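Can you read through this structure? Questions will come right after.
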Amino acid sequence: MFYELKRGRAGWITFQELQDDYVMYGFPEQTIAECKGNLYNFRSNTSVDENLVFVVLDLIHLPDVFGEKARVALYIRRDLCLLVDIQDAGGKGQELFDRVIGRYENKGQGLSQTEPERLLYHFLEQLILDDTKFLENMELNMSLLETRMLKEQINPVFINEILTIKKELMYIRNYYEQLIDLGEVLQENENDMFSQENVKRFAFFTTQVNRLRDSVKHLEEYTVQLRETHDAMMDYHLNNIMKLLTVITTIFLPLTLIVGWYGMNFSNMPELNWRYGYMGVIAASVLVVGFCIAAFKKHRLL
């Protein structure tokens, strides 16, 4: 599917169509292999020559970070902005491209009035359109998680939630760094393909992605704080248990002494033959326990 622009054309094609027609477009053969290489990592090399900028982009849907990625190749020349659907099971890449085309049609701006690189800028703009709102909501959810941790004190679920958030943020940061790499290459305009006006647009895009990446780094630091809070709550819980055990041991220590004392059974111990000896020991034990409990409460140890 191609659209006529002010200078050249823009289009969205499948990877099979690229394989069939790359010679006709004048694309280097090695770019075809690069489209399918390194499917697991975001970072890919951007190649720039005198007449062509080529890059492979992996796209993710932030609400479903670990869902299947979409992969799109970009071929950019003075007279062409070609997007290639390499792997797009969810249709995310084509949806963004159609949204850009619809933007021009809805505003009554004919595609014939725009340049290929300006259309590319609007495509890149769509990639990060609602990301700020998503990251803000993510920060709010992390704050709510912290509140739950402070209220409930200890729960094995918390550490799993923190680790999941940490993995999501690492994934998103790698995604943004990929976009920063692309934005910097376009901004550099090494082969002088773009006008200064469009170079400024790419610089603005790079600045926006840098801010998003910085927000992700801030959230990553927040996850470290959450982990430390979780560990502190576990230590606090453990200290409370140890304090309780210490108090119980301290209370029963005098009773142990009494038991050991009267368990010696010396023949000259008058309490052994005293009529109220048994009850007297019980009363003494109760008094000792009561005194210990009162002392601990006074010092707020109970």
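When the residues of the stretch 58-104 are narrowed to those that are of a type outside the set (A, V, I, L, M, F, W, C) and part of a strand (DSSP E or B), which ends up surrounded by the most Cβ atoms within 10 Å (Cβ to Cβ)?
Across the stretch 58-104, the extreme among qualifying residues is 75.
Could you list, in sequence order, the residues of the stretch 249-277 that are assigned to a helix (DSSP H, G or I) and surrounded by fewer than 11 Cβ atoms within 10 Å (Cβ to Cβ)?
Within the stretch 249-277, 249, 256, 260, 270 meet the criteria.
Could I ask something else about it? Given (1) closer than 29 Å to residue 113 by Cα; (2) outside any helix (DSSP H, G or I), where does residue 28 come up short, assuming only one miss?
(1)
Which of the residues that make up the stretch 1-25 are among the β-branched types (Val, Ile, Thr) and in a helix (DSSP H, G or I)?
If the condition is that a residue be among the β-branched types (Val, Ile, Thr) and in a helix (DSSP H, G or I), then 23 is the only one that fits.
Just so you know, all these numbers are worked out from the coordinates, no wet-lab data involved. Owing to the predicted nature of the structure, the values given are computational and were not obtained by experimental measurement. Don't worry about glycine lacking a Cβ; one is built from the backbone with ideal geometry, like all the others, and counts go over all protein chains shown.
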